[in-house]
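The values are calculated or read from the model by the stated rules, or taken from the named source; none is laboratory data. Not measured: the values here are computed from a predicted model. Cβ: placed from backbone, ideal geometry, glycine included. Neighbour counts: every protein chain shown.
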Amino acid sequence: MQKKFIQEKKQEEDKKNEGNKRVMEHRSNEFKDLDDVSNYYHQRSKKLDTQMAPAETNLFKDCVFFILGYVGRGESSRYAMTKLIEKNGGRTVMMVCTSVTHVIAEHICHSKRNQLDKAIEKRKVVVVRPDFIFDCVAKQQILDPSPYFSSKQKAATITQFFKTESDNKENIKKS
């Protein structure tokens, strides 16, 4: 009976020791995780440094661009255009702010056009088509933006969809 008691005690101690070993292994893994975390931040900072590589040219050095809406696919996509601007010393922002010098837009709806008109009145903001960026980079100089102005779109009024009696009379006279 005493042997049984001693064996049970030994088994209990072995279980405790196994539990302690697991705890120690777990704690050592926690420290490994800390190493992984510091390694993560090191890798992240390296990646950000390579992404924010110095500009190849200073073409757009003093320009801040806001890309409004859909501007195209492939080479003229928002991502590609942002990379091209940054590669040439410019900066892009996600919202219109006081530092914006150029707004790049291809198709502008009436409500956005009204917002842009107000922004243009307050400060000198140039609204251009994406071609402006590509042509400036191709010629390695900032070109005159006037040929690249985004055409002012006027919203159709509801009366334009209906013919009035005077329109009908004019059409009859012309016939």
The number of residues in the range 98-153 that are touching a residue at least 24 places away in the same chain (Cβ under 8 Å), outside any helix (DSSP H, G or I) and closer than 16 Å to Cys63 by Cβ is 19
Looking at the structure I just gave you, is Thr57 outside the structural domain of Glu121 (by TED's automatic domain parsing), out of contact with any Ser or Thr (no Cβ under 6 Å at 6 or more places or on another chain) and either on the phi < 0 side of the Ramachandran plot or modelled with pLDDT under 85 (or both)? yes
Only one of Tyr79, Tyr70 is at pLDDT 80 or above, assigned to a helix (DSSP H, G or I) and not aliphatic (A, V, I, L, M), namely Tyr79
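Conditions (1) at pLDDT 90 or above; (2) surrounded by 10 or more Cβ atoms within 10 Å (Cβ to Cβ); (3) more than 21 Å from the chain's Cα centre (by Cα), marked per residue:
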residue: Gln7; (1), (2), (3): no, yes, yes
residue: Asn20; (1), (2), (3): no, yes, yes
residue: Ala53; (1), (2), (3): no, no, no
residue: Phe66; (1), (2), (3): yes, yes, no
residue: Lys87; (1), (2), (3): yes, yes, no
residue: Gly90; (1), (2), (3): yes, yes, no
residue: Ala105; (1), (2), (3): no, yes, no
State whether the residues of the range 137-147 include one that is acidic (Asp, Glu), surrounded by fewer than 16 Cβ atoms within 10 Å (Cβ to Cβ), farther than 21 Å from Arg73 by Cβ and at pLDDT 90 or above. yes
